[in-house]
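First the structure, in the form of structure tokens, and then the observations on it.
The values are calculated or read from the model by the stated rules, or taken from the named source; none is laboratory data. The structure displayed is predicted, hence computed values, not measured ones. Here Cβ is always computed from backbone atoms with ideal geometry, including for glycine, and neighbour counts include all displayed protein chains. Calculation scope for accessible area: heavy atoms of the full protein, side chains included, ligands and nucleic acids excluded. Shrake-Rupley method; radii C 1.70, N 1.55, O 1.52, S 1.80 Å.
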Amino acid sequence: MKTTYREAMRAALRDAMQRDERVFLMGEDVGRYGGSFAVSLGLLEEFGPERIRDTPLSESGFVGAGIGAALGGMRPVVEIMTVNFSLLALDQIINNAATLLHMSGGQFNVPIVIRMTTGAGRQLGAQHSHSLEGWYAHIPGLRILAPATLADARGMLWTALQDPDPVLIFEHGSLYNVAGELDDDAGAVEIDKAAVVRSGDGLTLITYGGTLPMVLEAAEQLAAEGIEADVIDLRTLRPLDEHTILDSVARTHRAVVVDEGWRSGSISAEIAARICEQAFFDLDAPVERVCSLEVPVPYAKHLEQAALPSVERVVAAARRAVGTNG
Amino acid sequence: MSTVRNQGVPDQEHALHLLRQMLRVRRLEEKCIELYSAAKIRGFLHVYIGEEAVAAGVMETLAPDDAVVATYREHGHALLRGVSAGAILAEMYGHAEGCCRGRGGSMHLFDADTRFYGGNAIVAGGLPLAVGLALADRMAGRQRVTVCFFGEGAVAEGEFHESMNLAALWQLPVLFCCENNLYAMGTALGRSESQTDIALKAAGYEISAWAVDGMDVLAVEEAARRAVDAVRSGGGPHFLELRTYRFRAHSMFDPELYREKTEVSRWMERDPISLLQGTMQAAGQLPEDTWATLTADVDAEISTAVGFAENGTPEPVSELMRFVYSDRAEHTGAGDGAGKEGAAG
């Protein structure tokens with residue numbers, strides 16, 4: 001069936017609400033407005049205002065309420081408009097959701113799912129454009145998902161809702177309109193393993209979320225030059241499936257990590273470090289990284305594009321890794 | 001808003017029970033101070049001494065399946081909610097027998113059996129949780145009440161206001177209990193709030209709110225019972241500002257430079273335990289031997305608890321990585337080792 005990332009997310013929400021009466025969606029403008037990215041459009045009419053619950057602009061309050069509702073036996077899905085706004089709820093996410101199981105000695109699970117958009121590329125300026133999922137991936141107790149494909153947009157939510165622990169799902173804003181074919185019976189997907197979405201022995205390109213389409217395009221260009229790449233979609237940033245990364249690097253001996261987050265202290269830094277720690281002697285070249293420039297993402301289109309990873313930068317990094325850059 | 005004060009002579013048996021509850025908290029914490037000074041327990045230790053009437057009065061009005069959310073000054077709340085003194089002390093010892101197996105310590109006591117949800121060391125951090133617990137009850141159609149204790153320092157935090165608004169907007173079954181002891185660490189209320197009438201702030205959110213003499217356990221219980229009954233019967237959120245005072249420093253590290261000793265001693269004249277003792281004695285309800293038996297019983301309980309904690313076993317380091325993620329096998333039967341991530345890293 002032909003669908004879009006947005007529709008796949010919506011189908012996942014509808015499916016979750018139909019399957020389990022404990023599931024409800026809560027967030028800013030998820031109801032009458034239809035979701036700020038139109039993901040929940042129509043769900044209010046279908047499930048009513050108790051289960052498609054509009055909230056005031058109070059991220060800490062409603063994320064915390066979601067955590068409390070999870071403690072109380074519900075299965076809340078909380079939507080935050082963007083990762084930038086989630087910073088207002090950091091206390092609840094990090095000091096409560098991530099810690100309660102441990103601090104309570106295993107007594108209290110927090111089965112909440114928090115969805116938010118991330119990423120740049122739509123000329124929204126710094127306060128709507130950052131990629132902070134790598135920060136969240138720093139936190140033990142959280143599970144961090146980044147669906148990049150229609151199948152994952154459709155399937156990750158259900159698995160996340162079955163997880164007894166807090167799960168954060170990062171939806172890149174540039175993906176919502178991505179259209180494609182999805183199996184009619186597409187359903188839950190596992191959320192523990194990275195996926196090798198393209199195979200090749202020349203080098204390993206590692207990415208996730210919104211930069212996956214760009215990396216696949218770069219892989220096409222590289223293939224035209226005779227460089228066949230393994231492309232890994234991380235899918236889950238925490239717990240990180242390092243086995244898939246290390247297996248690939250052991251075959252290709254070269255790695256480029258593409259991450260829309262800033263380079264300093266990013267998830268790409270973590271991945272590069274793990275490759276160096278565990279596969280140093282497999283490497284034939286230094287690990288390359290393509291990240292956003294270390295600047296608040298600007299509004300002007302040419303400046304924004306210059307700040308972000310691009311096909312050209314990925315291709316250039318890959319050429320450096322394989323030593324064909326002169 | 002009116003200020004609730006107790007009037008009249010209490011029922012002897014019930015008054016004796018309240019007296020015992022307050023004394024249990026007092027003796028437990030006096031023991032904590034002793035154990036802390038002896039370096040048996042560590043970390044931050046915030047005692048509730050002087051404020052016992054609040055926890056004792058409010059807990060009395062709750063049903064077993066109600067929920068309680070508290071702050072880092074929560075030994076009394078945990079104890080009076082039903083967590084044993086032994087499990088509380090063992091937690092402070094970092095022992096496996098502790099109510100959180102040594103992960104929480106003094107500031108993070110939790111107990112699923114009594115629906116005691118902490119133990120939150122972030123000021124105001126528990127308020128949104130209480131709203132959510134109440135929301136879950138409302139959505140599931142359960143007639144339960146969630147009680148949330150917090151200090152007056154929390155009133156300056158955004159989460160206080162967000163939580164008041166949500167609870168009132170959605171008419172949730174939650175009772176907010178603000179323990180106004182006048183100092184947020186060392187910052188006096190008047191130096192941190194433009195409006196120091198806290199019940200008035202809550203009322204600004206269309207929440208029924210009363211200020212209560214928090215040194216008078218009978219007044220606290222009366223107000224709490226009225227509020228809990230109203231919440232349980234669908235009256236939406238309620239709010240009590242419990243005007244109280246802590247006799248001790250904020251924590252064991254606090255040199256108390258911010259208040260006069262005379263102020264403390266003035267408040268100690270209204271020690272909630274002495275106050276009830278006095279009321280009962282005046283009514284002929286507390287003969288000398290009854291008091292002696294009561295104190296002996298409480299001392300024995302605390303002494304047994306210390307023995308339990310002292311003889312506990314340190315939570316093994318081999319268990320360190322447990323409870324970061326759930327054992328999914330227990331939850332889904334999947335058992336894919338996802339929870340073991342930390343062990344490898």
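Among beta bridges identified by DSSP and lying wholly in the stretch B:183-247, the antiparallel ones come to about 25 percent. How far is the Cα center of the stretch A:252-267 from the Cα center of the stretch B:11-76, in Å? Their Cα centres are 52 Å away from one another. Per residue, the stretch B:191-239 exposes 38 Å² of accessible surface when a 1.4 Å probe is rolled over the protein heavy atoms with every protein chain present.
Loop sites by DSSP among the GluC sites (Glu not before Pro) of chain B, restricted to those with at most 13 other Cβ atoms within 10 angstrom, leave B:1-255 as the longest stretch without any of them. From helices alone, chain B scores -13500 deg cm²/dmol at 222 nm; the rule is -39500 (n - 2.57) for each run of n ≥ 4 DSSP H residues, then divide by the residue total.
Note that the stretch B:36-43 has calculated 3J(HN,Hα) couplings of 5, 5, 8, 6, 7, 10, 9, x Hz, one per residue in order, obtained from phi through the Karplus relation 6.51 cos²θ - 1.76 cosθ + 1.60 (θ = phi - 60°); glycine and proline are x. Taking every residue in B:255-267 and counting other chain Cβ atoms within 10 Å of its Cβ, the average works out to 0.
Counted over the stretch A:1-100, the DSSP beta bridges are approximately 0% antiparallel. Of all lysines in the structure, those lying under 24 Å Cα to Cα from A:Lys193, and not within fewer than 8 positions of it along the same chain, are B:Lys340. Once backbone amide H atoms are built at 1.01 Å from N, A:Asp29 has A:Thr55 as its partners under 5 Å, excluding neighbours fewer than 5 places away on the same chain.
When chain A is treated as a GNM, springs tying every alpha-carbon pair under 10 Å, which of A:Val83, A:Val196, A:Val256 comes out with the largest mean-square fluctuation? Largest GNM mean-square fluctuation: A:Val196. Across chain B, the relative contact order, built from alpha-carbon pairs under 8 Å that are at least six residues apart, equals 23 percent.
Among residues other than A:Ala65 with Cβ under 10 Å from its Cβ, the summed charge is 0 (Lys and Arg +1, Asp and Glu -1). Computed from the C-beta positions of A:Gln127 and B:Thr290 and an R0 of 45 Å, the FRET efficiency is 0.10 to the nearest 0.05. Can you pull out the chymotrypsin sites (Phe, Trp or Tyr not before Pro) in the stretch A:243-326 that DSSP calls coil and that have at most 13 other Cβ atoms within 10 Å? Filter output for the stretch A:243-326: A:Tyr299. Among A:Ala89, A:Ala151, A:Ala126, the residue with the largest mean-square fluctuation in a Gaussian network model of chain A, with springs joining Cα atoms closer than 10 Å, is A:Ala126. Build a GNM of chain A with springs between Cα atoms under 10 Å apart, and of A:Arg254, A:Arg263, A:Arg238 the one that fluctuates most is A:Arg263.
Summing charges over neighbours of B:Ala249, with a neighbour being any other residue whose Cβ is under 15 Å away from its Cβ, gives -2 when K and R count +1 and D and E count -1.
The value of relative contact order for the stretch B:28-183, using C-alpha pairs under 8 Å at least six residues apart, is 21 percent. Taking every C-alpha pair closer than 8 Å and separated by at least 6 residues, the mean separation divided by the residue count of the stretch B:127-242 gives a relative contact order of 31 percent.
Heavy atoms of chains B and A lose about 3700 Å² of accessible surface on contact, summed over both sides with a 1.4 Å probe. Counted by Cβ distance under 10 Å from A:Ser199, the other residues give a net charge of -1, where Lys and Arg count +1 and Asp and Glu count -1. By a straight-distance test (C-alpha under 12 Å), which aspartates and glutamates pair with B:Lys40 as possible cross-link partners, with residues fewer than eight away in the same chain excluded? Counting by Cα, and skipping residues close in sequence, B:Lys40 has these aspartates and glutamates nearby: B:Glu91, B:Glu310.
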